[in-house]
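Here the structure is laid out as structure tokens; the discussion comes afterwards.
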Amino acid sequence: MDFPLSDPVLIFGLTVIIFLVFPLMMKKFRLPAIIGPIIAGIIVGPNGLHILQRGSTIELLGTVGLLFIIFIAGLELDMEGFKKYRNRSLLFGLLSFNIPLVIGTVIGLSLGFSWAASILIGSIIGSHTLLGYPIASRLGVSKNKAVTTAIGGTLVTDTLAMLVLAVITGTSEGEVNFSFWLKLIVSTLIFTIVILFGTPLLSKWFFKNSNNDGTFEFNYVLVILFTSGALALFAGLQPIIGAFLAGLSLNRYIIDHGPLMNRLRFSANALFIPFFLLSVGMLMDLRVLISNPSAWIVTLLILISVVFGKAFSGWITSKIYNYSSTENKLVFGLSISQAAATLASTLVGYEIGLLNQETVNAVIVMILVTCVLGPYFTEKYARKLAVQGNLESKKVEKKPERILIPLANPNTMESLLDLGFIIRKAKGTEEPIYPLTVVPKAIKKADRQVAEAEKMLGHTVMYASGAEVPIRLLTRVDENIGRGLERAVIEERITTTIVGWNGKKSVSQKLFGGIIDNFLDHTNQRIIVAKLVNPLNTTDRIILVLPKYIISKPGFHNALAIIKGIAIQLSASIHCVIIKNSIEEYRDVYEKVKPSVKTDFFQINTIDSLFSDYMGKVRKDDLIIIMSARKGTIAWKPELEVLPGKLTELTSSSYLVFYPSESDEIDVRGTRGTELPKEVLFKKDYND
């Protein structure tokens, strides 16, 4: 066997063995698994045992991994949080870039580098890569204000680093003049407008017509990612800027913890990102460090400057915005790691002759050390933050959150599961989702019906496994479907039931039909009746309708938190329509319920006004949520009974009828037969 390996099968076989073995070895030494491929690259690379060469295959897959790191960071960015904390992100990004830039420039000049090379070294130190972000995401603190600040700061630092690289490259080639600056500014503006405004329009059309085809959607995302990277090159920028903007443009269309997002994370973390880390390790040349003691001075100075610069900028930001000590250290852990923009700038600087081998080695050592420090600090302090959050949530509610989804129609299965994934994420629960089918005992050949039900439930397992959401399948054979639903809720201690509805009533005087109506009457748990017409990820705005007295219901605050969580997951704003009550009263309560969502308030006096004056403003991509009430409770009015049917007639939008949980048994005596004729209902003022 000749070395370095040249056969593609041998190269790929060795690399996947490395990706399996070295992370396990790192765990034995209590080091982050992400360091394993870097160390492996040093050992087997051209400057080590020379078993593998940093050829076109490694470079290609490594570049894909680099783009995936930045792309997923853009996908997972909390857009509402970024908007809310944009000033913090801007301040932190400017501090985190400029403080190391100044220090690095001074170090470069003191070591005899030119002004251009010294500024490039400073920009290399000033950027950072979110290698620790997957840890923060896994531990459930990705929406924390400190994490959002660090992620937004990354956009600032990496953009500035790439702009400095473009200018330095132009300077070295003697091209910096008015024409150079005009071309750079114009091309950057055009590129940004095309990606951030053109991609969302195309994506909305695509996801509406994709029919939940997983392969088709995955390929579409890859097209957007690499087309954006290619357009960035044409604009005179680095592809990682295009990858980040592509992630931002698709942010609201790829649901967190949904099957598509899981496929992207899996592909990146299992294959492409390890190739990138392996390629980084292959650049390291230990012989230069051993043979040239002055190389250690360069390495030590660069390390000190990056650690001090990132720590000091994070400390200043934390002091200004009153972050806790844990959040401060988490910001440091997220911003200390150097890889993507650092490596890009280093390679370009080396290729154009501004940086020597000593500097490249120093940067690789810096990457190695910071890739240990970053994940270590991130995991340690993200875990502390997650524990604190869990303790606070347990004080509020100790009852496990369990979601039941009765299934009868295979065509609506995936949309109902998507809604379940979103609500599960909004509640922050680790409980599985409970898909249920009920077969009436009275029908002939019930065993065949059970077999068909189990076949449909098998599809739910496949779909949920794509989103890495645990599933517990339930099949019931009971006297009737309603009894089976009620038994499942009691036996499994269900807190939320999501029921699909086709918009048709089997009996004229019923609300949804016999089964759902009886289920509402005989349960106290939270129930969501869903008529989903459009894909949830294309939702632009949530129209939340709050009837009179709904604020007094015992489950109102919890229901409101779930609805706001849905808005966060969908990156949608909320337009709150309040019937009769004062806006100020609701606004005070609304703002106290977490999380924070951009919300507009609108007040009307009657339900009739909801349809005559307001429904014309509803767009097709809106999601309407009516917070309704069961009969016999304080907020119930006969007018609420006809709202769902009226919505079906007047709008083509998706809608949910949300029934908050009740604390006690509901007394419906005296409410039977109180339904009013439709022609009376919508002329009646909503005062009584």
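The values are calculated or read from the model by the stated rules, or taken from the named source; none is laboratory data. Since we're looking at a predicted model, the values are computed, not measured. Cβ atoms come from the backbone with ideal geometry, glycine included; neighbour counts cover every protein chain shown.
Condition first: touching a helix residue (DSSP H, G or I) at 6+ places or on another chain (Cβ under 8 Å), in a loop (DSSP other than H, G, I, E, B) and closer than 30 Å to residue 48 by Cβ. Can you find one or more residues in the range 289-311 that meet it? For the range 289-311, residues touching a helix residue (DSSP H, G or I) at 6+ places or on another chain (Cβ under 8 Å), in a loop (DSSP other than H, G, I, E, B) and closer than 30 Å to residue 48 by Cβ: present. Per this entry, residue 609 is counted among residues that are farther than 27 Å from residue 203 by Cβ and at pLDDT below 85.
Taking residue 201 as the residue in question, decide whether it is farther than 30 Å from residue 346 by Cα, assigned by TED's automatic domain parsing to the domain that holds residue 152, of a type in the set (A, V, I, L, M) and surrounded by fewer than 19 Cβ atoms within 10 Å (Cβ to Cβ).
Details: farther than 30 Å from residue 346 by Cα: yes; assigned by TED's automatic domain parsing to the domain that holds residue 152: yes; of a type in the set (A, V, I, L, M): yes; surrounded by fewer than 19 Cβ atoms within 10 Å (Cβ to Cβ): yes.
Considered against the rule, which asks whether it is farther than 30 Å from residue 346 by Cα, assigned by TED's automatic domain parsing to the domain that holds residue 152, of a type in the set (A, V, I, L, M) and surrounded by fewer than 19 Cβ atoms within 10 Å (Cβ to Cβ), residue 201 comes out as yes.
Condition check ((1) more than 30 Å from residue 207 (Cα to Cα); (2) crowded, with 21+ Cβ neighbours inside 10 Å) across all residues:
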residue	(1), (2)
501	no, no
541	no, no
554	yes, no
567	no, yes
582	yes, no
589	yes, no
594	no, no
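Report those helices (runs of 4 or more DSSP H) wholly inside the range 51-118 carrying at least 2 residues which are more than 30 Å from residue 320 (Cβ to Cβ) and over 20 Å from the mean Cα position of the chain (by Cα). Quick ask: steps written out before the conclusion?
Details: elements: 56-76, 79-84, 86-110.
Fully inside the range 51-118 and qualifying: 56-76, 86-110.
All of (1) in contact (Cβ under 8 Å) with a residue 60 or more places away in the chain; (2) closer than 22 Å to residue 283 by Cα hold for residue 51 with one exception: (1).
Matching residues to (1) touching a Ser or Thr at 6+ places or on another chain (Cβ under 7 Å); (2) in the same structural domain as residue 137 (by TED's automatic domain parsing); (3) surrounded by 15 or more Cβ atoms within 10 Å (Cβ to Cβ); (4) among the aromatic types (Phe, Trp, Tyr):
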site: 255; (1), (2), (3), (4): no, yes, yes, no
site: 261; (1), (2), (3), (4): no, yes, yes, no
site: 270; (1), (2), (3), (4): no, yes, no, no
site: 276; (1), (2), (3), (4): no, yes, yes, yes
site: 279; (1), (2), (3), (4): no, yes, yes, no
site: 290; (1), (2), (3), (4): no, yes, no, no
site: 297; (1), (2), (3), (4): no, yes, no, no
site: 302; (1), (2), (3), (4): no, yes, yes, no
site: 311; (1), (2), (3), (4): no, yes, yes, no
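For the range 459-481, which residues satisfy the criterion of being basic (Lys, Arg) and either assigned to a strand (DSSP E or B) or farther than 14 Å from residue 436 by Cα (or both)? If the condition is that a residue be basic (Lys, Arg) and either assigned to a strand (DSSP E or B) or farther than 14 Å from residue 436 by Cα (or both), then 476 is the only one that fits. Here the range 204-214 is the region considered, the condition is being within 24 Å of residue 464 (Cβ to Cβ) and at pLDDT 85 or above, and the residue that is surrounded by the most Cβ atoms within 10 Å (Cβ to Cβ) is 207.
Between 189, 196, 139, which is at pLDDT below 85, hydrophobic (A, V, I, L, M, F, W, C), within 29 Å of the chain's Cα centre (by Cα) and assigned by TED's automatic domain parsing to the domain that holds residue 365? It would help to see each step written out before you state the result.
Values: 189 fails: at pLDDT below 85; 196 fails: at pLDDT below 85.
Answer to the selection: 139.
Strands (runs of 3 or more DSSP E) fully within the range 578-661 that include at least 2 residues being more than 23 Å from residue 498 (Cα to Cα) and in contact with a His (Cβ under 9 Å, 6 or more places away or on another chain): 599-604. Selection of the range 122-150 for residues being within 15 Å of residue 313 (Cβ to Cβ) and among the hydrophobic types (A, V, I, L, M, F, W, C) yields 125, 146, 150. Of the residues in the range 11-21, none is hydroxyl-bearing (Ser, Thr, Tyr), over 21 Å from residue 378 (Cα atoms) and surrounded by fewer than 17 Cβ atoms within 10 Å (Cβ to Cβ). Residues in the range 556-588 that are at pLDDT 85 or above and farther than 23 Å from residue 422 by Cβ: 578 only.
If only residues of the range 124-134 that are in a helix (DSSP H, G or I) and more than 18 Å from residue 358 (Cβ to Cβ) are counted, the one that is modelled with the lowest pLDDT is 134.
Pairs are defined by a Cβ separation below 9 Å, a sequence spacing of at least 6 or placement on different chains, a first member in the range 4-31 that is in a helix (DSSP H, G or I), and a second member that is aliphatic (A, V, I, L, M) and exposed (fewer than 15 other Cβ atoms within 10 Å of the Cβ); the pairs so defined are 10/1; 19/270. Have a look at 137, 127, 123, 110 and point out the one that is surrounded by fewer than 23 Cβ atoms within 10 Å (Cβ to Cβ), touching a Leu at 6+ places or on another chain (Cβ under 9 Å) and small (Gly, Ala, Ser). Every option except 110 fails the conditions. Looking across the range 383-433 at every residue that is of a type in the set (Gly, Ala, Ser) and at pLDDT below 85, the one that is nearest to residue 568 (Cα to Cα) is identified as 426.
Table: residues versus (1) assigned by TED's automatic domain parsing to the domain that holds residue 273; (2) buried (at least 21 other Cβ atoms within 10 Å of the Cβ); (3) under 24 Å from residue 568 (Cα atoms).
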| position | (1), (2), (3) |
| --- | --- |
| 216 | yes, no, no |
| 223 | yes, no, no |
| 241 | yes, yes, no |
| 251 | yes, no, yes |
| 258 | yes, yes, yes |
